[in-house]
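A short worksheet on the structure shown next.
The values are calculated or read from the model by the stated rules, or taken from the named source; none is laboratory data. What you are looking at is a predicted structure, and each value in this text was computed from that prediction instead of being measured. In this analysis, Cβ positions are derived from the backbone assuming ideal geometry, glycine residues included, and neighbour counts consider all displayed protein chains. These accessible areas exclude ligands, DNA and RNA; they are computed on the full protein's heavy atoms, side chains included. Shrake-Rupley method; radii C 1.70, N 1.55, O 1.52, S 1.80 Å.
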Amino acid sequence: MSDDALLDVRGLCVDIAQRSMALRVVKNVSLTVRRGEAVGLVGESGSGKSMTAFAIMKLFPTVLAQVAGGRILLEGRDLAQLPAAAMRSVRGARMGMVFQDPASFLDPLMPVGRQIAESLRTHGRSVGLEARVLELLDLMELPDAAQVARKYPHELSGGMRQRILIAAALALRPALLIADEPTTALDVTVQAGILELLTRLRKELGLGLLLITHDLAVVAETCQRVNVMYAGQIVEAGEVAPLFAAPRHPYTQGLLASILSPLSRAHSLFSIPGGVPVAGHWPPGCRFHPRCPIARPGLCDTTEPRLESHGAGADRCHLSDEPVAARAWQHVPIAS
């Protein structure tokens, strides 16, 4: 395991069964999260971010999906090898997950305080439940915790419901929290409050945080390191500040151009042309080559690049060391 890593994912592969074959939707993904650190996993919808999180939790949304290779070490214990019963004891106790849409995970017929308490009962705790629930609601900065605990989900705002999910995920003081697009459904002001809450909890509780998002601006505000994912693979990884200052992969440059205007074209709109391929039906060679402005025929469309280290980071591009890659999108027309 990597030095001081809380979570150490190595060579993770995920397959989805389809008729007589298996589609590999995540391939050789490696990432680490240290205690007290926030790490981003970023990319467009369909890149494999959520499937990676489900694999870590061993909680797939379909029985057709399975971990097909690699190691998932949490505090040195390989979750990929754990039987179902042992894995249930890890979820909640040592790692928790916060999902994108609270309405899909909160029971509309049960007060939210009871729902938080259920996560404690599931792990055998039966004493001091009410006190722990109120403690958690206070930790979430919810006013009048006792009153909130008695409310049903529909009586709370979207931001309050998301805080309830975070409280439930942290009820047993796990070491790792996975947050899958926790602010997507919220307005900008509420989103900022949730991100500030996650940052405070990470620092106060010493949490390892894996933040999954499509938004690099969220990563910039919240994370120390970032992994950029495309078409089931990590295409670039590194510390947030240097990666944002000098992205090496054309995909990362494109994502940043859409939010930070690094191409120095004021008041212009930019988006990467095309879309992420259908999961498991990846193009040959570099998976980004059909959308890449600098793809080289005979190389990028035939040979799959490896994730190569450079200093404190890594990228998966045949051309990242060549001058043409420094500003890959500079000649691409941008809409005004």
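Worth pointing out:
- Residue list for the range 26-51, restricted to those being surrounded by 24 or more Cβ atoms within 10 Å (Cβ to Cβ), part of a strand (DSSP E or B) and either more than 9 Å from the chain's Cα centre (by Cα) or not aliphatic (A, V, I, L, M) (or both): VAL26, VAL29, VAL33, ALA38, GLY40
- Subset tally (residues that are open to solvent by less than 60 Å² (accessible area, probe 1.4 Å) and part of a loop (DSSP other than H, G, I, E, B)) for the range 133-156: 4
- Scan of the range 77-89 for residues that are outside any helix (DSSP H, G or I) and open to solvent by less than 50 Å² (accessible area, probe 1.4 Å), ordered by number: ASP78, LEU82
So that you can scan it fast, the table gives a plain yes or no per residue for (1) surrounded by fewer than 24 Cβ atoms within 10 Å (Cβ to Cβ); (2) of a type in the set (A, V, I, L, M); (3) under 20 Å from VAL26 (Cα atoms); (4) under 16 Å from the mean Cα position of the chain (by Cα):
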| position | (1), (2), (3), (4) |
| --- | --- |
| LEU205 | yes, yes, no, no |
| GLY208 | no, no, no, yes |
| ALA217 | yes, yes, no, yes |
| GLN224 | yes, no, no, yes |
| ASN227 | no, no, yes, yes |
| ILE234 | no, yes, yes, yes |
| ALA241 | yes, yes, no, no |
| PHE244 | yes, no, no, no |
| TYR251 | no, no, yes, no |
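- Qualifying residue in the range 112-122 (condition: outside any helix (DSSP H, G or I) and either within 25 Å of SER30 (Cβ to Cβ) or open to solvent by 60 Å² or more (accessible area, probe 1.4 Å) (or both)): no
- Hey, ARG71 in contact with a Lys or Arg (Cβ under 7 Å, 6 or more places away or on another chain), modelled with pLDDT of 95 or more and open to solvent by 50 Å² or more (accessible area, probe 1.4 Å) or not: yes
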